[in-house]
Amino acid sequence: MATSAELQKELDAAQAALDSGATSYNYKGAKLSLAGLRNIVNSLTTQVRNAKAAESEKAKGESAKSKAAAATKADQARSTKTALARAENKLKTAQEQQRTALARFRRNEITAEEYSGYVNQVEQYQSVITAIEGGAQAIPVGFDDVRVLSPEAAPTTTKPAGTTTATTGSTATAGTETNAPVTPTVTPTTAPTGATVTTTKDKKTPKPPAAVQQNWIDALQQFFPSYSDDWLAANAETYFGKDLLDLMIKVSDPKGTYDLSSTAGRERIKQELRGTKYWQTTISATKEFDQLVDADKENLISLTKSRIANTYGDIGLTDATLTEVATTVARTGLTGLGEKQAVFNATFKSPMGSAQQGRALSGVDADRIRKIGRAYNFKVTDDQVQSILTGTPEATTGQVLTEEGLRQRLQKFARGAYPQLADQIDAGLSLEDVGANYRRYAADLLERSEDEIDMFSGPYLKAFGTKDGGQLSLSDWVTTVKSDPTFGWQYTKQANQQATDIALTLARAFGKVG
């Protein structure tokens, strides 16, 4: 990701070129027109402003996070220290109660089952102390309980044979039930952050903590940094899929087995990302785009806008349409036909009859398509032009039309209308190709330019002949043009000269001239 200083340097160079009156500019290997240079200056100006704001916010955020983390760590340390002192006091009390209970048991004043409850209570508090001393976090709960927050640090309590675990209380932990005694007169109701405790009579059953939303968003942004918190909160599952979201929830769990802080840990997460539906069904260009930071993404879109504006200048795309299509092209890596269809799809989303749409239907691409129709004496409709340009189905047939598909359709039409020309059409010639020689001869005979000769109208259609008689030979065509008054050969200089020559010949034959 480029810094604001780096972007400012690029902006200064581009602005200097613009101020000097440059009409073209080389930017990152691409030669831009004057319009492209202006777009780059505008884009870099925005990027510099955004980068400075982002750097300022990042600095503030890091400072706030650092202070918050330090405060949280201090609070956790104080809480754990208080919980340890409470557990030690509880253990001392439980040991005294066990000694008293042992004396009573020896005097047969209490049963073995009752005595086992005292033994288990001592073991439970000893387990809690061992877990805290081993590095587990803990918090005091209510007035008379302790809750361990890192259950994996707590050893499993081994109960003596023949004893029964007391159920006067339990520690609520994520994913396990590590029993911790509670004085019968106290009923703690506070659960650790992210965890819930359900109570059935005197027994509490811990449930796994729900993922804190910001945690998984932060994890996801490490792999897809261009998406904002608000966008992810509303769209992440729909866009990335539940399996990828579930993975990020696991990754964000501080008690889990995923490690975002190490290279090996991140590589493991990336491997699991590659197995998600999103990764398996999304093209590489889109995944690469999704992983860009905002500044790089904006830069790519800006360059794409410049290229599309230069390539499709005859359409006169609005800035809104240009931005939309450039984003689509940049994100999907479209080139060639794919890019062209994306451009025209965005163009035809504008209201029918709009200037933008009108220019698209009369531009160079549309004219090339209509030229195919003219070659077969066929008028291509706007619907057919739009289908070819956008790659969407025709409204009339429901089929997607291509230039080659149109050509094949018109060849079938021509074979049906002119069966005598079937062999030439099958060889790849259009009606325009077949009529080319006839046009040249007619233009020469009628002393006109070839552009003035329309082989698909009036008497000129006679050149293609009939089903029974076949097409005319060139000599027959010359005779036809000269003999059929509808062509107007009789008004040409050549016709007048021939008439004069004939008259002179006749006059000489009859002795009228010497």
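The values are calculated or read from the model by the stated rules, or taken from the named source; none is laboratory data. Everything numeric in this text was worked out from a predicted model, so none of it was measured. We place every Cβ from the backbone using ideal geometry, glycine too, and count neighbours over all the protein chains shown.
Would you check which residues across segment 337-391 are under 29 Å from the mean Cα position of the chain (by Cα), surrounded by fewer than 15 Cβ atoms within 10 Å (Cβ to Cβ) and of a type in the set (D, E, K, R) and list them?
Once the filter is applied, which keeps residues that are under 29 Å from the mean Cα position of the chain (by Cα), surrounded by fewer than 15 Cβ atoms within 10 Å (Cβ to Cβ) and of a type in the set (D, E, K, R), segment 337-391 yields K349, D383.
(1) more than 30 Å from S4 (Cβ to Cβ); (2) assigned to a helix (DSSP H, G or I); (3) at pLDDT 85 or above: which one isn't true of L322, the others all being true?
(1)
If only one of K287, K305, K277, K270 is of a type in the set (K, R) and more than 21 Å from F240 (Cα to Cα), which one is it?
From the options K287, K305, K277, K270, the qualifying one is K305.
Limited to segment 50-73, what total is found for residues that are of a type outside the set (S, T, N, Q) and surrounded by 13 or more Cβ atoms within 10 Å (Cβ to Cβ)?
Counting residues in segment 50-73 that are of a type outside the set (S, T, N, Q) and surrounded by 13 or more Cβ atoms within 10 Å (Cβ to Cβ) gives 4.
Could you list, ordered by first residue, the pairs with Cβ atoms under 6 Å in which the first is in segment 471-493 and more than 19 Å from V434 (Cβ to Cβ) and without any contact (Cβ under 8 Å) to a residue 40 or more places away in the chain and the second is among the aromatic types (F, W, Y) and surrounded by 17 or more Cβ atoms within 10 Å (Cβ to Cβ), at least 6 apart or interchain?
Every condition considered, the pairs that remain are K482/W489.
Taking into account only those residues within segment 392-416 that are hydrophobic (A, V, I, L, M, F, W, C) and touching a residue at least 24 places away in the same chain (Cβ under 8 Å), which is surrounded by the most Cβ atoms within 10 Å (Cβ to Cβ)?
Taking segment 392-416 and keeping what is hydrophobic (A, V, I, L, M, F, W, C), we get 395, 400-401, 406, 410, 413-414.
From what's left, touching a residue at least 24 places away in the same chain (Cβ under 8 Å): 406, 410, 413-414.
Details: L406: 21, L410: 20, F413: 15, A414: 23.
Among those residues, the one meeting the criterion is A414.
Is it true that A295 is touching a residue at least 24 places away in the same chain (Cβ under 8 Å), crowded, with 20+ Cβ neighbours inside 10 Å and more than 26 Å from D382 (Cβ to Cβ)?
Yes; evaluated as a whole, the condition is true for this residue.
Test I40 against the stated conditions and say whether it is touching a residue at least 60 places away in the same chain (Cβ under 8 Å), in contact with a helix residue (DSSP H, G or I) (Cβ under 8 Å, 6 or more places away or on another chain) and among the β-branched types (V, I, T). Explain how you work it out, then say what you get.
Values: touching a residue at least 60 places away in the same chain (Cβ under 8 Å): yes; in contact with a helix residue (DSSP H, G or I) (Cβ under 8 Å, 6 or more places away or on another chain): yes; among the β-branched types (V, I, T): yes.
Judged against the criteria, I40 is a match.
Collect the residues in segment 245-290 that are of a type in the set (F, W, Y), without any contact (Cβ under 8 Å) to a residue 40 or more places away in the chain and assigned to a helix (DSSP H, G or I), keeping them in residue-number order.
Y278, W279
Being surrounded by 15 or more Cβ atoms within 10 Å (Cβ to Cβ), of a type in the set (G, A, S) and over 51 Å from the mean Cα position of the chain (by Cα): is that true of A443 here?
The answer is yes for A443.
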